[in-house]
1. With the checklist (1) exposed (fewer than 15 other Cβ atoms within 10 Å of the Cβ); (2) near RNA strand B (Cβ under 10 Å from one of its atoms); (3) in contact (Cβ under 8 Å) with a residue 12 or more places away in the chain in hand, flag the one item residue A:35 doesn't pass.
2. Considering only region A:123-227, give the helices (runs of 4 or more DSSP H) lying wholly within it that have at least 1 residues that are modelled with pLDDT of 95 or more.
3. Would you check which residues across region A:17-49 are hydroxyl-bearing (Ser, Thr, Tyr) and not in a strand (DSSP E or B) and list them?
4. Can you give me the number of residues within region A:316-352 that are farther than 23 Å from residue A:242 by Cα and more than 11 Å from RNA strand B (Cβ to nearest atom)?
5. It is to be established whether one or more residues within region A:388-405 are more than 9 Å from RNA strand B (Cβ to nearest atom), aliphatic (A, V, I, L, M), in contact (Cβ under 8 Å) with a residue 60 or more places away in the chain and assigned by TED's automatic domain parsing to the domain that holds residue A:227.
6. Within region A:332-342, how many residues turn out to be among the basic types (Lys, Arg) and buried (at least 17 other Cβ atoms within 10 Å of the Cβ)?
7. Go through A:418, A:384 for me and flag whichever is surrounded by fewer than 14 Cβ atoms within 10 Å (Cβ to Cβ), among the charged types (D, E, K, R) and either within 16 Å of RNA strand B (Cβ to nearest atom) or outside the structural domain of residue A:208 (by TED's automatic domain parsing) (or both).
8. Residue under question is residue A:75, and the condition is that it be surrounded by 15 or more Cβ atoms within 10 Å (Cβ to Cβ), out of contact with any Asp or Glu (no Cβ under 9 Å at 6 or more places or on another chain), of a type in the set (Gly, Ala, Ser) and over 26 Å from residue A:430 (Cα atoms); does it hold?
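The values are calculated or read from the model by the stated rules, or taken from the named source; none is laboratory data. For clarity, every value in this text was computed on a predicted model and none was experimentally measured. FYI the Cβ positions are ideal-geometry reconstructions off the backbone, even for glycines, and counts take in every protein chain you see.
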Amino acid sequence: MSELPFKKVDELLGGELVGERVRTRGWIYRTRHKGKMVFTVIRDSSGIIQATLFKGDMESEDDFNDAKKALVESSVEVEGILVEEPRAPGGYEIQVRRFHVVHFAEIFPITKDQSEEFLMDKRHLWVRSRRLTAIAKIKHSLFKAAREWFDEQGFYEVTPPILTGSAAEGGATLFEVKYFGDKAYLSQSAQLYLEAMIFSLENVYSITPSFRAEKSRTRKHLTEFWHLEAEEAWTGLEGNIKIQEELLSHIAHRVAEWNRKELEFLGRDPKDLLKIETPFPRYRYSEALDNLRKKGVELEWGDDFGAPEERKLTEDEELPIFVTHWPTEAKAFYMRWDPKDTRVVLNDDMLAPEGYGEIFGASERETDVNHLIERLKAEDANIEDYEWYLDLRRYGSVQHSGFGMGVERVVAWLSKAEHIRETIPFPRTPSRIRP
RNA sequence: GCCGUCGUAGCUCAGUGGCUGGAGCGGCCGGCUGUUAACCGGCAGGUCGCAGGUUCGAAUCCUGCCGACGGCGCCA
């Protein structure tokens, strides 16, 4: 092998190096041989390119024999002339002169036909697939775009704890862990801690894993998911809604811009994402009930929406929608009562288009310590566990609001994924903790 | 927590009471200078999920268990 610098596959596919001797490295994605020729498709993090070997053109016969023997997923370095070749996938190929097998792979277990169960058992290998790779790149862009947007808006990224001493919302869905002689829980939400941080930094956000011990078997649930949460001082429901829609619109536009190739591979038209412009449609909960009634779905005031109702509400929408002002009894204790109508709280859920479900949950927070105590008592909560939180309303309480975004659900929508587990490399579900 | 489906070769499946349990893919050997999930010839590969029962005889019927998948509810 020469000392030529290694080029990434996408640089080769750019076409500027046609006619030159080039060198690249990666893993064998496909291979087949035909007499004195070998066709291999090389995969690296940037894409795939065909490398074609004619025995007579090779500078080493051993290289040719190695290429013939090397199975799918062997790691290789190849060197040859880059040519334009309409018969090759992608339109370019390397006519190989030298072929070095870094490691001869054993028989790769993942072949043409696979069941969901088998792919989950081999997840550590399946993450190499083009589909999961494309989705992983979109997730990366989501984080990058979100941080970019928050930074422009003057938010501080903070680091709330994952191990917590008591339940934040609904004790039944907490994972319990041993904590020396005591018990601790894996965080379900950073919200209460973010609320504490606004009194110094005013506008804060965090990106953390959240854990829910719910035995939910659906295409939009994980027991461990990534949670993007923000909390804003001096902000009411209206300001909070604007932050949510602008953030999501920014993310959608950036993904359309940065991940054109991946979106097309996944069957998502980038134009769908460029259309995500603010403001998003808003419906009060009671209006949403009326809309459902027009579509033939009868719900009682106070009922929560199930998956079929969410689908009905979003089926004619190109944009995500907000449903605001939900019945108090359906929602958490920290949500502020609407002063104009105490049957409802100042909150919103944002529903993604195409039935991807609830992607944001948000509210203005209750600022009055006595109201909070009243609501906690109504839920039979242990007030002592919340004393620290109640303190936040005793020392300079101010109007504030915040939201949580389910990162994987947004990625699922952006990527047109079939199932949320495609959006996280090692999904945790009630029946899956390994690999 | 509830409803449903499925466990047979490394993978995807056929076989549903009777002779030695099959195919395709993948692998190995051989052939082939333009393959695209190549093709042609040959070879190897099995605890029929586990346990018990019915029967002259069970992959096949029954019971229990285990595992997985799909959906509902709950949520982001």
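1. (3)
2. By residue number, A:130-152, A:191-201.
3. A:45, A:46, listed by residue number.
4. 3
5. Here is the first cut: in region A:388-405, the ones more than 9 Å from RNA strand B (Cβ to nearest atom) are A:388-402.
Imposing the further condition that a residue be aliphatic (A, V, I, L, M) reduces the set to A:390, A:392, A:398.
Filter again for in contact (Cβ under 8 Å) with a residue 60 or more places away in the chain, leaving A:392, A:398.
Within this subset, residues satisfying the condition of being assigned by TED's automatic domain parsing to the domain that holds residue A:227 are A:392, A:398.
Yes; the residues of region A:388-405 include at least one that is more than 9 Å from RNA strand B (Cβ to nearest atom), aliphatic (A, V, I, L, M), in contact (Cβ under 8 Å) with a residue 60 or more places away in the chain and assigned by TED's automatic domain parsing to the domain that holds residue A:227.
6. Of the residues in region A:332-342, 1 are among the basic types (Lys, Arg) and buried (at least 17 other Cβ atoms within 10 Å of the Cβ).
7. Exactly one of A:418, A:384 is surrounded by fewer than 14 Cβ atoms within 10 Å (Cβ to Cβ), among the charged types (D, E, K, R) and either within 16 Å of RNA strand B (Cβ to nearest atom) or outside the structural domain of residue A:208 (by TED's automatic domain parsing) (or both), namely A:418.
8. Judged against the criteria, residue A:75 is a match.
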